[in-house]
Structures are given as structure tokens and as C-alpha cells.
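Read through the structure below, which is laid out as C-alpha cells, and then see the notes.
The values are calculated or read from the model by the stated rules, or taken from the named source; none is laboratory data. All values reported here derive from a predicted model rather than from experimental measurement. Cβ placement follows ideal geometry from the backbone for every residue including glycine, while neighbour counts extend to all protein chains displayed. Note: areas computed on protein heavy atoms with side chains; ligands, DNA, RNA excluded. Shrake-Rupley method; radii C 1.70, N 1.55, O 1.52, S 1.80 Å.
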Amino acid sequence: MNWYDDAIIYHIYPLGFCGAPKFNDGGAVEYRLDKVLDWIPHFKEMNVDAVYFGPVFESVEHGYDTTDYKMIDRRLGDNNSFKNICNKLHENGIRVILDGVFNHVGRNFPQFVDIQRNGQNSGYCDWFQNLNFGGQSPYGDNFWYESWNGCYNLVKLNLRNVGVCDHLIDAINYWIEEFKIDGIRFDAADCIDFDFFKRIRSFCKGKKPDFWLMGEIIHGDYSRWANPEMLDSVTNYECFKGLWSSHNSKNYFEIDYSINRQSGQYGIYKGINLYNFADNHDVNRLASTVTNQAYLPLIYTLMYCMPGIPSIYYGSEYGIQGRKENNSDDNLRPCLYLPDMERENTSLYKHIVKLGRIYRAYPALRTGEYHTVIIKNEQMLFSKTLGDQTVYIALNLADYDFDMNFGTHLGALVDVLSGKQIQVDNGNAYVKLPPFTSMIIVADDIVNTVPEETAAPVEEDKDTEVVIGAKYRHFKGNEYEVIEVARHSETNEELVIYKSLKDGTVWARPKSMFVNKAGDVRRFTKIS
């Protein structure tokens with residue numbers, strides 16, 4: 001399994017995040033993006049694995065009108081400052097994903113300027129899609145060219161031209177070599193030539209086998225782009241819509257249908273981890289879309305627990321609002337300062353922080369099989385199963401209590417979000433869901449019994465040593481053999497690696513947890 005299969009991603013639109021001027025005047029370099037360094041503790045508290053930066057390369061206006069693929073936009077900083085940002089993120093165990101805008105460039109792109117100057121004598125006439133000298137462009141050029149979506153400040157590249165492909169591959173190589181990036185999000189991926197994607201994949205995976213390739217796809221069959229020959233993942237716009245509209249219309253059947261269609265027992269995208277999001281730089285903020293702010297925690301619970309890769313768009317962890325106005329996206333891309341955000345919806349933020357800890361604690365949440373257990377208009381219960389681990393996710397978007405009962409093979413259950421025990425009698429669980437509540441129900445609460453990194457560490461039993469090769473019995477009965485005591489590559493924390501004697505599955509747990517107690521009893525007891 002690659003790192004991105006169970007990652008949490010944080011999405012930033014840099015020019016907005018930094019409050020950069022709307023247009024690049026070619027003036028002095030301003031190191032605005034350095035402020036992201038102050039957000040690293042914030043990312044770590046949220047258990048973020050990677051930061052996805054929207055366009056950072058030199059452009060005319062919004063970043064999607066690139067002029068130089070090898071230069072950081074002077075409104076954000078320079079190459080050295082961005083290299084330092086990438087290094088600091090990597091030092092903190094956070095990977096870097098960049099926006100690859102390869103379908104089109106800006107009118108100040110040097111090869112396009114060469115055509116403006118030299119006309120048909122330019123050596124770059126075939127670099128741009130359907131460029132011809134049979135008429136004038138809307139900008140008054142003595143030639144016509146194809147634009148992206150009718151926006152003639154965005155000149156469409158000809159990705160069938162070897163020179164264009166070589167130019168872009170060279171840029172990617174530069175990003176990997178100089179900034180050590182870990183992935184690319186491809187803008188307007190539905191407009192990009194398939195053969196180009198195949199070449200990109202071969203090159204990137206050759207450089208870094210775990211390099212992540214994700215494409216922006218709004219409509220169509222996602223598997224046309226996300227497959228073993230092209231991309232690893234694409235944007236899940238189908239479930240983006242279902243996440244908020246199923247709440248607004250009080251119809252959980254909508255999102256459950258989409259999830260099952262994609263990733264259920266007979267799902268058409270099984271084996272593809274789609275990129276899930278509740279909002280981004282192109283759509284209205286979630287808090288401005290829902291009809292009731294009480295739905296926000298439920299939506300994020302659902303997004304973290306459904307199949308796929310969860311992501312957070314900067315500021316939305318605090319429930320900030322923003323809508324498109326007068327055909328402008330500026331309200332979706334604000335300049336934010338963390339101290340100001342910490343005065344906003346802190347209850348939502350704390351909920352998302354806890355979701356991150358839970359997501360990290362239970363492998364079944366990250367990559368387990370999805371099964372619908374109960375589905376009603378305003379209530380939903382589904383399970384995620386991986387090996388012998390089962391997690392139940394319960395949601396109630398009604399404004400009244402709801403009694404939810406379901407059969408389970410587990411003898412004891414707890415809602416890990418609240419830490420409260422769930423009644424289980426003779427294989428039946430009885431749950432009272434308060435209004436606008438979500439629960440993540442597990443057998444073993446390893447989140448609320450272990451402090452966060454910022455809290456005091458659990459005191460280890462000094463008389464207990466972990467013996468490699470010894471057999472241990474978990475306090476709930478299962479038996480395991482310790483394989484090794486390893487160290488986490490990023491945090492240097494000691495991890496106990498142990499194997500189930502029942503089915504051979506291999507697990508890892510912090511040593512501090514392995515040797516401590518669950519209540520009054522030892523979590524693991526040595527038996528041989």
C-alpha cells in the first residue's frame with residue numbers, strides 16, 4: 001500500500017491564502033507563502049499527511065495562466081524560499097503535492113509570445129492547439145488559437161507535440177529534483193491527452209514509485225483516467241455533491257447510493273481511492289452551501305469514513321463561508337491568518353481534529369470494505385471492515401432523538417467520538433442518537449485512552465518489557481506473537497509489530513500503548 005491510499009490531504013490555494021495582488025506586475029519578489037511555515041503545527045494537529053498547493057508557478061493572474069513552469073510566482077516568493085517550505089514540511093512528515101496546469105498556459109508564455117513576434121516564422125506554431133493564420137484572435141492577434149473553455153487568456157497546449165511534452169516532463173523532473181515533491185494534481189484532466197498521461201506516469205513512477213498522480217475530473221467514468229496505465233486517483237465530484245445535498249434534502253439514500261455504486265460490493269471503482277472533498281477553490285464553501293450549520297460535523301464524519309481519500313480545503317475546518325459572486329471566485333480563496341481562524345468555529349475544528357486521530361487509529365476506516373447496515377431518509381448506519389476489525393458509523397441529521405438497533409458480532413462497543421459505551425445484548429447493539437449527531441462505533445477505544453501528542457505521555461509500566469518472539473494475550477482474548485520492536489521513521493516513536501495467531505494479520509501499535517493498561521487490566525499479557 002502506498003502512503004496516499006490512507007492519507008489526509010490539506011488543500012491550499014496559495015495566491016488567495018497569502019493575499020497576493022490579483023495581477024503579477026513583474027515587480028519585486030514578496031515572500032508571502034512563507035507564512036505556511038507557521039501552519040505546520042496546525043497541519044500536524046489535524047494529522048495531515050500532505051499539503052496540496054494550488055498553482056505556485058509564475059503566472060499573469062490566478063495561477064492557471066502559467067508563464068514559467070520552473071519559477072515560483074514572485075507574488076509568493078522564489079525558488080529558494082519554496083524549497084525551504086518543502087524541506088520544512090518534509091522534516092515534519094508532511095508530503096507536498098503541486099498543481100500541474102498542463103492543458104493551457106497564459107498569453108505571456110514565452111513560446112506563445114514568440115509566435116506573436118515572429119508569426120508563421122516562429123518555431124512554436126505547432127505547440128498550441130489548432131493555431132492557424134486564417135483569422136484574428138479575440139485579443140487582436142493576426143492568428144487564431146483554441147482556448148480553454150472560451151477563455152482566450154488561457155491558450156490550449158498541443159499535447160501531441162513532442163516538444164511540448166518534453167518541456168512539461170522537464171518541468172516535472174525539476175520539481176521532483178529541486179523540491180522533492182511527492183505528487184501532482186492535474187488541472188482540467190478531462191481535456192488532457194491519454195498518451196501524455198501514460199508518459200507522465202511512466203516517468204514519475206520511474207523517479208519515485210510512490211509518486212501520487214491525481215486528476216481533476218468533474219463528469220464521466222472516473223476509471224477512464226484512474227487506472228494502472230494513467231492516474232492513481234481523480235476528484236470525486238459525484239460524492240462531493242451527494243455529501244451536502246443528501247443533508248440539505250434529508251435524503252441519505254442519495255449519498256449511500258453513490259458510495260455503493262462506486263465502492264460497494266459490486267462498485268464500479270473498487271480498487272480506486274478517489275479524492276474526496278466537501279469544497280475547494282472552484283465551488284462554494286460547504287458552510288455557505290448547507291441549509292443548517294448543524295450538518296457540518298456530520299458531513300465531515302461521513303467524508304472521513306466513506307471509501308476514498310479525505311481532504312480539507314483551507315479554512316473550512318473552521319466553517320468559514322464563501323460564495324461565488326459576479327462570476328468571481330475571489331470569495332472562495334480568501335487570505336487567512338491562523339490566529340483569526342482560532343476565534344471562529346472551534347467546535348467544528350476540534351471535531352475534525354478528532355476525526356483525524358480516529359482515522360489514523362483504525363485501519364478499517366481508511367481502507368476497509370463499505371457495507372450499508374441501515375439507511376433511512378434522515379438516518380444512516382454503515383460499517384467498514386478490514387480483516388478482523390469492524391467500525392460502525394452512525395448518523396442522525398434529524399432534529400429529534402433516534403433509536404438505532406443493529407446486530408453485531410462484537411461483544412462490546414464504544415462511540416470513539418464521545419468515549420461513551422454502547423449497550424450490546426446477545427449480539428444486538430442499542431444506540432440512542434441525539435439530534436444532528438454522528439458516532440464512530442468500535443470495539444476497542446484506542447483514541448480516548450491515549451493522550452494527544454501535546455498531552456502528557458502515558459506512563460509505561462516500568463516492570464514490563466516487550467519480548468520479541470513471545471506470545472501475548474489481549475485483554476479481550478485474542479492472542480498475538482511479537483515480531484519486532486521498530487521505530488517510526490518520522491517521529492522516532494517505538495512501535496510494537498505483532499501478528500495475530502488467529503489469522504496471521506500483522507499490526508503495529510505504539511509501545512507506550514502496548515505495555516500500558518486498559519482501565520484496571522493490562523492491555524497485553526505475556527503468556528509464553
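Just wondering, is there one or more residues in the range 204-226 that are touching a residue at least 12 places away in the same chain (Cβ under 8 Å), open to solvent by less than 50 Å² (accessible area, probe 1.4 Å) and under 25 Å from Ala398 (Cα atoms)? Within the range 204-226 (the criterion being touching a residue at least 12 places away in the same chain (Cβ under 8 Å), open to solvent by less than 50 Å² (accessible area, probe 1.4 Å) and under 25 Å from Ala398 (Cα atoms)), the answer is no, since none of the residues qualifies. Here Arg343 passes the criteria (1) farther than 22 Å from Phe53 by Cβ; (2) open to solvent by less than 40 Å² (accessible area, probe 1.4 Å) except the one numbered (2).
Evaluating Asp6 against the criteria (1) within 28 Å of Val283 (Cβ to Cβ); (2) out of contact with any Pro (no Cβ under 9 Å at 6 or more places or on another chain); (3) of a type in the set (D, E, K, R) leaves one unmet condition, (2). Of all positions in the range 142-151, none carries a residue that is closer than 24 Å to Ile12 by Cβ, part of a loop (DSSP other than H, G, I, E, B) and of a type in the set (Phe, Trp, Tyr). Condition test on Ile374, is it touching a residue at least 24 places away in the same chain (Cβ under 8 Å), among the β-branched types (Val, Ile, Thr) and either buried (at least 21 other Cβ atoms within 10 Å of the Cβ) or under 24 Å from Val521 (Cβ atoms) (or both)? Against the criterion (touching a residue at least 24 places away in the same chain (Cβ under 8 Å), among the β-branched types (Val, Ile, Thr) and either buried (at least 21 other Cβ atoms within 10 Å of the Cβ) or under 24 Å from Val521 (Cβ atoms) (or both)), Ile374 does not qualify. For Asn284, are the conditions met, namely being at pLDDT 95 or above, closer than 21 Å to Phe53 by Cα and either of a type in the set (Val, Ile, Thr) or part of a helix (DSSP H, G or I) (or both)? No; evaluated as a whole, the condition is false for this residue.
In the range 376-416, the residue that is farthest from Tyr300 (Cα to Cα) out of those that are more than 31 Å from the chain's Cα centre (by Cα) and among the aromatic types (Phe, Trp, Tyr) is Phe406. In the range 188-203, of all residues being of a type outside the set (Gly, Ala, Ser) and either closer than 20 Å to Val51 by Cα or touching a residue at least 60 places away in the same chain (Cβ under 8 Å) (or both), the one that is most open to solvent (accessible area, probe 1.4 Å) corresponds to Cys191. Go through the range 229-272 and give me each residue that's in a loop (DSSP other than H, G, I, E, B) and either at pLDDT below 95 or touching a Lys or Arg at 6+ places or on another chain (Cβ under 9 Å) (or both). Selection gives Glu229, Met230, Asp232, Gly264, Gln265, Tyr266, Gly267, Ile268, Tyr269, Lys270, Gly271.
Of all the numbered requirements in (1) under 17 Å from Val60 (Cβ atoms); (2) within 33 Å of the chain's Cα centre (by Cα); (3) touching a residue at least 12 places away in the same chain (Cβ under 8 Å), Cys151 misses one, and that requirement is (3). Within the range 346-361, the set of residues being of a type in the set (Gly, Ala, Ser) and open to solvent by 30 Å² or more (accessible area, probe 1.4 Å) comprises just one member, Ser347. Of all residues in the range 510-528, those satisfying the criterion of being outside any loop (DSSP other than H, G, I, E, B) and at pLDDT 85 or above are Phe524, Thr525, Lys526.
All of Phe17, Phe57 fail the test of being touching a strand residue (DSSP E or B) at 6+ places or on another chain (Cβ under 6 Å), at pLDDT 95 or above and closer than 23 Å to Ile184 by Cβ, apart from Phe57. Within the range 472-487, if we keep just the residues that are open to solvent by 70 Å² or more (accessible area, probe 1.4 Å) and under 15 Å from Lys511 (Cβ atoms), the residue that is modelled with the lowest pLDDT turns out to be Arg487. Per the listing Thr291, Thr301, the residue uniquely assigned to a helix (DSSP H, G or I) and at pLDDT 95 or above is Thr301.
Which of the residues belonging to the range 239-265 are over 16 Å from the mean Cα position of the chain (by Cα), open to solvent by 10 Å² or more (accessible area, probe 1.4 Å) and in contact (Cβ under 8 Å) with a residue 24 or more places away in the chain? Trp244, Asn248, Lys250, Asn251, Phe253, Asp256, Asn260, Ser263, Gln265, listed by residue number. Do we find that Lys384 is open to solvent by less than 20 Å² (accessible area, probe 1.4 Å), within 23 Å of Ile309 (Cβ to Cβ) and basic (Lys, Arg) in this structure? Spelling it out, Lys384 is indeed open to solvent by less than 20 Å² (accessible area, probe 1.4 Å), within 23 Å of Ile309 (Cβ to Cβ) and basic (Lys, Arg). Report yes if some residue within the range 154-169 is in contact with a strand residue (DSSP E or B) (Cβ under 9 Å, 6 or more places away or on another chain) and closer than 22 Å to Ser233 by Cβ; otherwise report no. Yes, the conditions are met somewhere in the range 154-169.
Would you confirm whether any residue within the range 180-187 is at pLDDT 95 or above, open to solvent by 30 Å² or more (accessible area, probe 1.4 Å) and of a type in the set (Val, Ile, Thr)? Before you say what the answer is, go through the steps one by one.
In the first step, residues of the range 180-187 are kept if they are at pLDDT 95 or above; the result is 180-187.
So of that shortlist, the ones also open to solvent by 30 Å² or more (accessible area, probe 1.4 Å) come out as 180.
In the following step, the residues that additionally are of a type in the set (Val, Ile, Thr) were identified as none.
Taking every residue of the range 180-187 in turn, none turns out to be at pLDDT 95 or above, open to solvent by 30 Å² or more (accessible area, probe 1.4 Å) and of a type in the set (Val, Ile, Thr).
Being touching a residue at least 12 places away in the same chain (Cβ under 8 Å), closer than 26 Å to Thr235 by Cα and out of contact with any Lys or Arg (no Cβ under 8 Å at 6 or more places or on another chain) is the requirement here; does Phe133 meet it? Considered against the rule, which asks whether it is touching a residue at least 12 places away in the same chain (Cβ under 8 Å), closer than 26 Å to Thr235 by Cα and out of contact with any Lys or Arg (no Cβ under 8 Å at 6 or more places or on another chain), Phe133 comes out as no.
Just one of the listed residues (Asn118, Asn108, Asn130) is part of a helix (DSSP H, G or I), among the polar types (S, T, N, Q) and either more than 22 Å from Asp190 (Cα to Cα) or open to solvent by 20 Å² or more (accessible area, probe 1.4 Å) (or both), and it is Asn118.
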